[in-house]
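Q: Here it is, the structure in full.
Bear in mind that the values in this text are calculations on the coordinates, not laboratory data. What you see is a predicted model, and the numbers here were worked out from it, not measured in a lab. Cβ placement follows ideal geometry from the backbone for every residue including glycine, while neighbour counts extend to all protein chains displayed.
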Amino acid sequence: MVRNPYAVCEGICRFHRGAAPTAGRRPPPENLPEAAALHAVTCMAWQRRNLEAHGHRGVFFTYEAMCNACG
C-alpha cells in the first residue's frame with residue numbers, strides 16, 4: 001500500500017512540529033519538509049521494488065483508493 005506523498009510529508013511535519021519532546025526520540029531535522037520528502041521517496045522506491053519482485057504474490061493499492069472503497 002502506498003499513500004499520496006504529499007499526505008505522507010504533511011503528516012510527518014505535523015507530527016514532529018506538534019509533538020512534545022520525548023526521552024529517546026531524536027529532535028526533528030533542521031529541514032523537516034526536505035527530510036519528510038526524502039523519506040517518502042525512499043519508501044515509494046522500496047515499494048516499487050517490492051511490486052516488481054513480489055507483485056505476483058500480493059496486491060498493490062493506494063491508501064486513498066482503500067479509503068474511497070470503504071466509505
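Q: To the nearest 20 debye, what charge dipole does the chain have about its Cα centre, counting +1 at the Cβ of each Lys and Arg and -1 at the Cβ of each Asp and Glu?
A: So the magnitude is around 200 debye.
Q: List the GluC sites (Glu not before Pro) within the chain that fall in a DSSP loop (any state other than H, G, I, E or B) and whose Cβ has at most 14 other Cβ atoms within 10 Å.
A: Answer by residue number: 30.
Q: Measure nothing fancy, just the Cα-based angle from helix 32-54's long axis to the longest principal axis of the chain, in degrees from 0 to 90, nearest 10.
A: The two axes meet at around 20 degrees.
Q: Rounded, prolate or oblate: which fits the stretch 25-71 when a ≥ b ≥ c are the square roots of the eigenvalues of the alpha-carbon gyration tensor, with rounded for a/c under 1.5 and prolate only if a/b beats b/c?
A: Oblate.
Q: Which value in deg cm²/dmol, rounded to the nearest 500, describes the helix-derived mean residue ellipticity at 222 nm for the chain, given -39,500 (n - 2.57) per DSSP H run of n ≥ 4 and division by the residue count?
A: Theoretical 222 nm ellipticity from helices: -20500 deg cm²/dmol.
Q: Continuing with this model, one more query. Within the set of other residues whose C-beta is less than 12 Å from the C-beta of residue 33, count the net charge using Lys and Arg as +1 and Asp and Glu as -1.
A: Counting the neighbours of residue 33, the net charge comes to -1.
Q: If amide H atoms are built 1.01 Å from N in the plane of the peptide, which residues on other chains or at least 5 residues away come under 5 Å of the amide H of residue 3?
A: Hits under the 5 Å cutoff: 63.
Q: Answer with one residue from 65, 38, 53: the one whose Cα lies farthest towards the positive end of the charge dipole of the chain, charges on Cβ with Lys, Arg +1 and Asp, Glu -1.
A: The Cα lying farthest towards the positive end belongs to 53.
Q: In the Gaussian network model of the chain, springs joining C-alpha atoms below 10 Å, which of 37, 53, 45 carries the largest mean-square fluctuation?
A: The residue that fluctuates most here is 53.
Q: In addition: How far, in nm, would the chain grow between residue 70 and residue 25 when pulled straight, counting 0.36 nm per residue and subtracting the alpha carbon separation?
A: Separation in residues times 0.36 nm, less the Cα-Cα distance, equals 12.8 nm.
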